[in-house]
Amino acid sequence: MLNKATLCGALITCILIALAASEAKAQSNSKEIMALPPGQLVALLQKADATEFEKAKACQRLAVVGTRDAIPALVALLGDEHLNLYARFGLEGIPDPAVDDALREAATKLQGRQQVGVIDSIGQRRDAKAVDLLKGLLSNADPALASAAAGALGRIGNSEAAAVLKAALAQPMPLRGDIADGSLACAEQLASAGKKDEAMALYAAVLQADIAKHVKIAALTGQLATLQAEGKDVLLAQLQNADRDFFRIGLSAARKLPGTEIGNALRELLGKLPAERQALLLLALADRQEGLPQAQVLALAKSDAPAVREAAVVVLARKGDATALPILLDAAVNDGPVAVAARDGLKNLKFDGIDAAVISRLTEAKGSAKAVLFDIAGARRIAAAYALARQSMTAADESERLAAIVAMGQLVELADIDLLMGQALAAADTPQRKAAQEALSVAARRIADRDAVAVKLSGAISGLTVENQTLLLELLGRIAGPKALEGVVAAARSEDDGVKNAATKVLGDWPNAEAADSLLDLAKTDKEAKYRIRALRGYIRIARQLQLPDDKRLAMFRTAMEVAKRPDDQQISLEILSRIPSVETMQLAVSYLGDANLKSAAGDSAVKIAAKVITTNPKEVSDAMDKVVKADVGGKSADVAKQLLDQAKANSN
Amino acid sequence: MSHQRVTYTRRRFLSTAAKGSALLAVPMIVPARALGLDGAVAPSERIALAGLGIGGRGNYVLDCMMDEPIFQFIAIADPQKSRREAVQQKAEKKYGPGVAMYRDFREMLPRQDIDAVLIATGDRWHTMASICVAKAGKDIYCEKPCSMTIEESQALADTMRRYGRIYQAGTQRRSVANFLFATELCHSGKLGKLTTVHANTLAPATNHDWLPGEPEPTMDECDWNLWLGPTPWRPYNQQYVQGRWRGFFDFHGGGILEWGAHTVDQCNWAAVNDQTMPVLYEPTPTGCVATYENGLKLVMREEGWMGLGTCSVRYEGEDGWVETGDTGRLEMSSSQLRSEQRSYSEVGTSAVSHVKNFIEAIKTRKPAHSNAEVVATSHIICHAAYIAWQLGRPLKLDPAKVEFINDAEANRMRSRALRDPWRI
């Protein structure tokens, strides 16, 4: 009797033979290669006639499962033009320290790109024993190699690496940028390890080097991150640096460095900066945990410098209290650059007095100012604004009128929703009608009693133009719920083709499974085939896409297959099965393979389910995929079925 | 500001300005003058922008940027001639002649007149290109997904912090109002104690195959070596460079990351305000269920959504739930919650607000909404889920060390070797 190991070995041999037979085929058989055990992967690497593809895949798999036994075979590929990265892929993954020894040795033997790659792998593995080797390479004439050595030293990140990098920074080396980059990475690791003095010294060496400005900025960023609460002097120096890029480091750090001492120093500095910088620092200070005293921001909001004034308004709009109200209200109604920020602030801030202040201004305001205040009142849902908005719905000033209508969407209650409906369903196509439609949509979705809203909307449908009926039906579809469904179903039974068309579309796109029974009923009973088909498609969509218990979904599949008369609908119905992955549904899909019209869709579903249950049910998948393969379903599913069949057979063994 | 790597302890994140909570209160735009700009943008205040690998989505984001007067697009780098020429042509139509073209971005980056770079290459390049750009002292807007591995995610955040660069990932839903509203419902406690957050992800897949080799085009037409970049060598096939690189392990982060870069990111923000990550990852046939230390579940699933658009998320608490997606529509469990919503006009795919936030971040040096630390966190979650799915077994993760517990194979999958001369 053949045991499992023998079978496995035979299978591997078959696979290798098949792979060797055709390069084109070999490039698509990665699954088989990557299923091999580590020993066979190594054997594949050593096989004289194995293809690049086979070796590449074996290396990639060894990165995950390889042991020290794989090291020689992988090292042997390090000099290969195409496979050197794959060999490194494998080696980098193997945790055994023997890999580090092998890489160090290889680094002394290889040349060119392959040597560079090996140095990268040494860095990737943070091999502390390689510092001396890397030190020697820093001054190599090959810039790629020297750059790799600098990067590796940075990743190693210990005191020895730091000393090498620091010394190199002081030398006139062409690759000082790479050495500085390695130094920055190294310094971070030193700081994280608690060696702050060493980190600061390395940052200082970068700052002293003849190096690009943005690298110095990075070094200063590192120093500030190391110093934390002790970084006040460095921070203040940056904020006062004439160079904008250094000022920007300060801006960033001003948000992050902790401590009241720093906070106080920054506030003190604020008034001494030019206006543009004051504005930016003000925004940064507002983001600090302790924030800014409101009085200081209020004072800045009256600054002569527009930039400072506007930044202060932004801060007040984000974090202001009642004392900021007059400034925010003035800024909101004036059409200046901070108007949007002020309006947003007034819509979102939460303290007593805002609503009353808005109403007070609203009572006196005119024209565009009134429109702004209606916008704010609507967003805040200030009930006291309702009467004013209602009154302004007929105002002579268009901006006021339209804003009032839009605000009504946020303010109106059920009893008065007719007000909006009247304007939304008006005959003339005006801006007012458009605003009312938007408001009605908002109100219908906002008002708590959605069924009551639905009754109102449904009650208004009869006698309207098709366009208006469609508007209301779509709105009913948005709010959903039992009464909305009732209204739309009634419309779907209408004798008016336009209404029926709109209603069945809305039903077909219903946001939940509530509509399933109604759609099924229409699919069975409607007089017109096109609506029966649309309703059935809507029913199938619910079964296929929405959240349902598996038993309910399966029942809907069976029902859909019974009701569907056309192959197209049956094919789509078969997709439902793939949402219920089980042996039963896979076999159910397979049972339709005999139908020439359905075999392709049945094959698709069976394959999708098989992929999901193959691990737990390889025998059943093997049987099912055998049938799919024999049914010649065509397309991608035919290929996948073959792969699954092979995989299932292997798993069954 | 700290040297600590992207690891996850509450203490660390409480001290950083990169976390997201403050963004929710008032997502407001700072006026130009308060950013040091005065009315019409003076040439000295313009942000000189370059592009790197601009294709389909990249072109859309570039359009959003070119709509902002503060940007001036001055250079494009792409290993493919047809693509760099198309971008040059478009930019010159707006700005006039003078938009420089580069095959190799390493020749473009030393230019001192470039302030920021839009990166929209394929996934394989996102981390490496971002790191190179940061090391050249420029700010970055990079399309998602932002990394190929857990280690790349950490290196990305490390480098941005090290070089003090502004980084905005193209996870623009961090700036889109309906998603902000849903997150705010979680943070304000209006859903009660959260029990499960759901992220719309695509089914994971792994393909290690190679397409058949074809003759390589000239280096000027398509620099195959540069196209491959840090990824392993393989024979050229034009399908890769025409966009059909997705699904191949060497080029693609796996299905979960494709949308999870957005939706897992949203969920982690809503659930724990980016401050930690799940500790347990249990694969499902088409996704993963992750569990935080406090028992909160993060479900990554492909199907079963309410039809509110692509990249949907759903947050469930003891007192209610909310679901939303790219249409901007929201569904909620109660009339009380529904009554809180406003009208949201920006769809989830829009980058308009996200680009404005990028500008603000450049000028104020405040971390951008999708800064490297928050995206590193959510990408690590996606990678961990994908590794669990590949191994077909549950994995436990130590968020403080970003190491899997007692699973050597999983730990060995946290990084991939990079082709020289590329290193992180």
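The values are calculated or read from the model by the stated rules, or taken from the named source; none is laboratory data. From a predicted model like this one, the values you see are computed outputs, not experimental measurements. Here Cβ is always computed from backbone atoms with ideal geometry, including for glycine, and neighbour counts include all displayed protein chains. Side chains included, ligands, DNA and RNA excluded: accessible areas come from the protein's heavy atoms. Shrake-Rupley method; radii C 1.70, N 1.55, O 1.52, S 1.80 Å.
Numerical summary
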{"item": "For region A:276-290 versus region A:518-553, the gap between their alpha-carbon centres in whole angstrom", "result": "58 Å"}
{"item": "At 0.890 mPa s and 25 °C, Stokes D of region B:107-236 from Kirkwood alpha-carbon radius, µm² per second", "result": "137 µm²/s"}
{"item": "Computed [θ] at 222 nm, deg cm²/dmol, the protein assembly as shown (DSSP H ≥ 4; -39,500 (n - 2.57); rounded to nearest 500)", "result": "-17500 deg cm²/dmol"}
{"item": "Cross-link partners of A:Lys530 among lysines (Cα-Cα below 17 Å; sequence separation of 8 or more within a chain)", "result": "A:Lys500, A:Lys505, A:Lys565"}
{"item": "Cα gyration tensor shape of region B:319-418, rounded if a/c is under 1.5, else prolate or oblate by comparing a/b with b/c", "result": "oblate"}
{"item": "Set of aspartates and glutamates near A:Lys370 by C-alpha distance (under 14 Å), chain-local residues within fewer than 8 positions excluded", "result": "A:Asp330, A:Asp335, A:Asp397, A:Glu398, A:Glu400"}
{"item": "Volume in Å³ per residue [convex hull over Cα atoms, computed for region A:581-653]", "result": "62 Å³"}
{"item": "Gyration tensor over alpha-carbon atoms, the protein assembly as shown, equivalent ellipsoid semi-axes in Å", "result": "49, 44, 23"}
{"item": "Region A:352-448 - convex hull of the alpha-carbon atoms, volume per residue in Å³", "result": "82 Å³"}
{"item": "Sum of side-chain charges, A:Met393 neighbourhood, beta-carbon under 10 Å (Lys, Arg +1; Asp, Glu -1)", "result": "+1"}
{"item": "Between region A:161-188 and region B:98-129, the Cα center-to-center distance that results, in Å", "result": "25 Å"}
{"item": "Bridge type composition, the protein assembly as shown - antiparallel percent by DSSP, nearest 5", "result": "50 percent"}
{"item": "In Å², nearest 10: area of A:Arg244 left accessible to a 1.4 Å probe", "result": "100 Å²"}
{"item": "Chain B: C-alpha gyration tensor shape, a/c 1.5 cut-off, then a/b vs b/c", "result": "oblate"}
{"item": "DSSP H segments from chain B that extend 24 Å or more along their own axis, Cα-based, with Kyte-Doolittle mean of -0.5 or above", "result": "B:372-391"}
{"item": "Antiparallel content of DSSP bridges confined to chain B, in %, to 5", "result": "50 percent"}
{"item": "Surface share of carbon and sulfur [accessible, 1.4 angstrom probe, percent] for region A:358-455", "result": "54 percent"}
{"item": "Reachable aspartates and glutamates from A:Lys232, criterion Cα separation under 19 angstrom, eight or more residues apart if same chain", "result": "A:Asp197, A:Asp243, A:Asp245, A:Glu261, A:Glu268, A:Asp287, A:Glu290"}
{"item": "Per residue, in Å², the accessible surface of the protein assembly as shown once ligands and nucleic acids are set aside, probe 1.4 Å", "result": "38 Å²"}
{"item": "Measure of compaction for region A:181-310 (Cα Rg per 2.2 N^0.38 Å)", "result": "1.14"}
{"item": "Between region A:296-363 and region B:278-305, the Cα center-to-center distance that results, in Å", "result": "44 Å"}
{"item": "Descending semi-axes in Å of region B:229-373, equivalent ellipsoid built from Cα gyration tensor", "result": "30, 22, 17"}
